[in-house]
Amino acid sequence: MSTPPDEGPPAGRRFEPDLRSMTRINLRPIASPMPLGFFTVAIASVMTGCLQLGVLEAADRRAVALCVLPAFALQLLVSVLAFGARDVIAATLMGTFAGSWLAYSLVMGTGAAGGPRVLGVFNLAFLCFGTLMAAVTRPKRALWLVLVVSMPRWLATGLAGLTGVEWLTQVSGALGLLVALVATYAAFALMLEDMRSEEVLPIGRSGPAHTAVEGDLAVQLRNLERHAGVRRTL
């Protein structure tokens, strides 16, 4: 009995050879964008906090909105660079911060009707987002600390916008200055670390975040084939 000929792969399907031995993945080192992101948070928080505390007059809110508006562009840039550096947590956080500064600038700068109430709801929604982000950013202690300090401010700002209670507005302003101090420390510590290639001021990384900084190149490339941009789908 004769052997039937090899029919080959089914019609409509394409079988490719194993291409792993011929595959090269190129990585492009970049400077850390996080100091820029934290310094932007600090400066914008000082401006909005001074407005809430009464250091700046209510008539100055449009000028404050214009000063805060560049924070949108800067933190959007940080988010894009963080995505390129394969840090989805930092990229998501900075991108959302960028959107919040844009929303604040547009509402306050245009004097839109119902602005305080709308921003109040917006800040309470942002609080929910921050709570979820804080649950996953603990190993990145600098990001986590800025989030933890920001959450009471979002709560106070949200309640102040909805109720119109003056002391809540002042509490939010004071918390804004505290956020600025924490963000400034984080930015300065990260800049020193990047310049000297070692931790100078304590940041408190743990777990995967600590391993990523202290580990060798093999640690950095672990499971690279499963990262977004390398695998076929997100």
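Bear in mind these aren't lab numbers, they're just calculated from the coordinates by the rules spelled out. Just so you know, these numbers come straight off a predicted model, no measurement behind them. Backbone-built Cβ (ideal geometry, glycine too); neighbour counts: all protein chains shown.
Per 0.36 nm of contour for each residue apart, how much would the distance between E57 and R28 grow if the chain were fully extended, relative to their Cα-Cα spacing? Don't jump to the answer; show the numbers that get you there.
Values: separation 29, 0.36 × 29 = 10.44 nm, distance 4.69 nm.
Computed gain between E57 and R28 is 5.8 nm.
The packing ranking, built from the mean of other Cβ atoms within 10 Å per residue, places the peptides 126-139, 97-110 in the order 97-110, 126-139, highest first. Put a plus charge on the Cβ of each Lys and Arg, a minus charge on the Cβ of each Asp and Glu, and nothing anywhere else: the dipole of segment 60-190 about its Cα centre is then about 200 debye.
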